[in-house]
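Every number here is computed from the coordinates shown, using simple stated rules; none is lab data. Just so it is clear, the structure is predicted and the values come from calculations on it, not from any experiment. A quick note on method: Cβ atoms are made from the backbone with ideal geometry, for glycine too, and the neighbour counts reach across all protein chains shown.
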Amino acid sequence: MSNANHPVSLVSGIVVLGLLAILILGAPFLAPYDPVKQNVTERLEKPSMEHPLGTDRFGRDVLSRTLHGGQTTLISSVVALCAALIIGLFVGLTAGMFHGSIIDIILMRLIDVLLSFPFMVLAMVIAALFGTSLSHLLLAVVAVWWVSFARLTRSVVLHAKNETSFAAARVLGATNGAIIFKELLPKAISPVLILATFELGSLILSIAALSFLGLGSQPPAPEWGSMLADGRDHFMQAPHILIGPALFIFLTVLAFNLIGEGLRDRLDPYEKTEL
Amino acid sequence: MYRMLLRKLLEAFVTLFCATLIIFALIRLAPGDPVQLLLGHPGEAALSDKQAFNDRAAGLRAQLGLDQSMIKQYTAWIHNLVQLDLGTSIHTGRAVSAEIVARLPATAMLSAAALLIQAVLGLFFGTVSALKAGKSYDNAIRLACVALASTPAFVIGLFLLSLFAVTLGAYEISSEAGLSRLWLPALTLGLIGAPQLIRMVRANMLSEFGRIYVLSALSRGLSRERVVKHALRNALLPVITMIALSLTSLISGAVVIESIFSWPGIGKYALDSILLKDYPVIQGYALVMVSLVILIHLCVDVVYALIDPRIHRKREAGAEEHV
C-alpha cells in the first residue's frame with residue numbers, strides 16, 4: 001500500500017469509484033424498481049430475492065432508491081465542494097498576493113473566527129434558524145469548507161512568491177492580475193485538487209451525519225441523507241433500510257480516501273523513510 | 001514572553017468578538033419573526049382577540065428588546081453575556097446557562113473518556129505502524145484506518161449499540177448518564193477520532209526517524225530501542241497538541257453519539273432545541289462551544305510557547321501545513 005511504484009490504494013480507489021459511478025449513473029436502467037412507487041402490501045420487508053436490500057415503510061425498494069438517490073447526494077456534494085474550492089482559491093490567492101496588507105490581515109482573521117466554529121455547531125445554528133433542508137445544509141458546508149482551501153492556497157502562493165519566475169514577471173512589468181492567473185493559480189491548482197479528494201470524503205460523511213440527525217433533506221426524496229433519517233426512525237424494526245445508503249456512503253468515501261492516500265504516497269517524501 | 005502571551009490573549013478576544021458578531025448576524029438574518037413564533041400566527045386568533053394579540057405581541061417585543069436598534073440589541077446581548085446570562089429558553093422558561101451547566105458534566109465525561117481512548121489507540125497503533133513502516137503490520141493498520149475513517153459515525157454507533165445492547169445484552173439503554181453507561185458511547189466516539197490520530201502519530205514518528213540525529217545515533221552504534229525512545233519523546237510534543245486540538249472535532253462528533261445513545265449532554269440538548277425552534281438555546285450553545293474552542297486554541301498556543309519557543313515560531317511559520 002505504501003509502495004509508490006505500485007499505488008495499490010490509488011488503483012483500487014479508482015476501480016471502486018468507477019463501479020459506483022456506473023451503478024449510480026446507470027440507475028434508470030439498473031434499478032429493479034421505480035424508486036418512488038409505493039406498495040403498501042410490502043412494507044418494511046426484510047432483504048429477499050425480489051428486494052435485495054428490503055423495502056422501506058412505504059414498500060419502496062431500498063436498492064432502487066439507493067441507486068437513484070446517489071445522483072442527488074453525489075452531485076450536491078461535488079457542487080458544494082467546488083463552491084468551497086473556488087472561494088478558497090480566490091481568498092487564498094488574494095491574501096497571498098497582498099501578503100501583510102490590510103486585506104490579508106482581515107481575511108486571516110475571518111479564517112481564524114471560522115476555525116473556531118465546530119462544523120456541526122454552525123450547521124446546527126443554520127438549520128435551527130433557516131429551517132432544515134439540503135440546500136441549507138450545503139450552505140453550512142460551503143461556509144466552513146472553503147477555509148482549508150484558502151489556507152493551502154495562501155501558503156502555496158507565499159512559497160511561489162520566493163521563486164525567480166515571480167520576480168521575473170514583476171520585473172517584466174506584469175500586472176497583479178496577470179501574475180495571479182498566469183504564475184500563481186497554476187501552481188496552486190494541483191495541491192488544492194489533491195486536498196479536495198480527501199475533503200470530499202469527509203464532506204460526504206458530514207452531510208450524512210447531519211442528514212441522519214434530521215437536519216438535511218427531508219423524506220420522501222430518494223436521496224441518501226433523507227433515507228438515513230427515515231431509516232433511523234425504523235432502525236429497531238427494520239435496520240436494513242439504513243444498510244443500503246450507509247453501505248454506498250461507506251464505499252464512496254472509501255474510494256475517495258484511497259485515491260487521496262495513493263496520491264499522498266506518491267507525493268510525500270517522508271512516507272518512504274524507514275528506520 | 002509576556003508580550004507574546006498578551007498578544008495571544010488579545011487575538012483570542014478579537015476572535016471571540018467576531019464570533020459573537022457572526023452569531024448575532026445569523027440570528028437577525030433568519031427569516032420569520034421570533035415574536036410570531038412564540039405567540040403563533042395572528043390569523044389563528046379570533047377577530048375580537050386581534051387587539052389583545054397585538055398588545056401582547058408589542059409587550060413581548062419590548063420585553064425581548066426587539067423594538068430597539070440593532071446596535072442597542074447587540075450591546076444589550078453582550079452586556080448580558082458578560083454577566084454569564086445567555087437568555088431564557090423559550091420552551092422551558094429556564095435560564096439557558098443553567099440548562100447548559102446542568103448538562104455539561106455528561107458531555108465533559110463523555111469527551112474526556114473518548115479523548116483518552118483515542119489517545120491510547122492513536123499512540124499505540126501509530127507507533128507500531130511507524131516502527132513497522134512498509135511491513136504487513138503497517139499496511140494492516142493503515143487499511144483499517146482508511147476503512148474506519150470512511151465509515152459514517154452513526155453506523156459505528158448503531159452497530160456497537162445493537163451488538164452490545166441487543167445481541168449480547170451487555171449494555172442497558174436508558175436516558176441517564178452514569179459511569180456504567182459511559183463506556184459504549186465513549187468507545188464509539190474514541191473510535192471515530194482514532195484513525196486521524198494514528199495517521200498523525202505515524203507521520204510524525206517517520207519524519208522524526210528521517211532526522212540527522214537519528215541516523216548519527218544509529219551509526220555510532222546505539223541500540224535501535226534507545227534511538228526509538230529518543231525519537232518517540234521528540235515526536236510526542238506535537239502529538240499532544242493534536243490530541244488537544246482534536247477536541248474541536250469531538251464536539252461535532254459528540255452531537256451524533258449523544259443522539260444515538262440518548263446521552264443527556266449538551267449536544268443532544270441543542271439538537272432537541274432545534275426541533276423545538278428554541279433560538280436562545282441554540283445561540284447559547286453555539287457561543288459556549290465557540291468560546292471553548294477559542295480557549296483550547298489559546299491554551300495550546302501558550303503551552304507550546306512555554307515548552308519550546310523554537311517550536312512556537314516554527315508553528316507560526318508552518319501553520320498552513322496542518323490544514
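What you get for the protein assembly as shown, charging only the Cβ of Lys and Arg (+1) and of Asp and Glu (-1), is a dipole of about 1760 debye around the Cα centre.
Peptides A:61-67, A:186-192 ordered by packing proxy, namely the average of other Cβ atoms within 10 Å per residue, highest first: A:61-67, A:186-192. Our Cα-only numbers for the stretch B:68-116 put the radius of gyration and Dmax at 15.0, 48 Å. For the stretch A:73-144, the equivalent ellipsoid derived from the Cα gyration tensor has semi-axes of 26, 16, 7 Å, listed largest first. Could you work out the mean projected area of the convex hull around the alpha carbons of the stretch B:100-265, in square nanometres to one decimal? Convex hull of Cα atoms, orientation-averaged projection: 10.8 nm². For the peptide B:19-30, the mean number of other protein chain Cβ atoms found within 10 angstrom of a residue's Cβ is 3. When +1 charges are put on Lys and Arg Cβ atoms and -1 charges on Asp and Glu Cβ atoms, the dipole computed for chain A relative to its Cα centre reaches about 540 debye. Within the shell of other residues whose beta carbon sits under 11 angstrom from the beta carbon of A:Tyr33, the net charge comes to -1, with Lys and Arg scored +1 and Asp and Glu -1.
Magnitude of the charge dipole for chain B, about its Cα centre and with charges confined to Cβ atoms of Lys, Arg (+1) and Asp, Glu (-1), is about 1560 debye. Each of B:Phe124, B:Gly169, B:Ala194 was placed along the dipole of chain B (beta-carbon charges, centred on the mean Cα), and the one lying farthest toward the positive end is B:Phe124. Its Cα gyration tensor gives the stretch A:72-267 an equivalent ellipsoid; the semi-axes, largest first and in whole Å, are 38, 19, 12. From the P(r) of chain B, could you give the percentage of C-alpha pairs in the tail past 38 Å? Every Cα pair in chain B considered, those over 38 Å come to 32 percent. Helical content of the protein assembly as shown, expressed as a calculated mean residue ellipticity at 222 nm, amounts to -24500 deg cm²/dmol (DSSP H runs of 4 or more residues, -39,500 (n - 2.57) each, divided by residue number, nearest 500). Rg then Dmax, both in Å and based on the Cα atoms of the protein assembly as shown: 25.9, 96. Per-residue mean of foreign Cβ neighbours for B:251-259 is 4 (Cβ atoms of other chains, 10 Å radius).
Mean partner shielding of peptide A:195-208, defined as the number of other chain Cβ atoms within 10 Å of each residue Cβ, is 2. Taking the Cα centre of chain A as the origin and placing charges on Cβ (Lys, Arg +1; Asp, Glu -1), which of A:Pro35, A:Leu184, A:Leu263 is farthest toward the positive end of the dipole? It is A:Leu184, whose Cα lies furthest towards the positive end. Of all the options A:Thr72, A:Thr41, A:Thr252, the one that moves most in a Gaussian network model of chain A with Cα springs shorter than 10 angstrom is A:Thr41. Convex hull volume per residue, computed on the Cα atoms of the stretch A:150-205, equals 71 Å³. Positive-end ranking of A:His68, A:Ser217, A:Leu247 along the dipole of chain A, with charges on Cβ about the Cα centre, is headed by A:Ser217.
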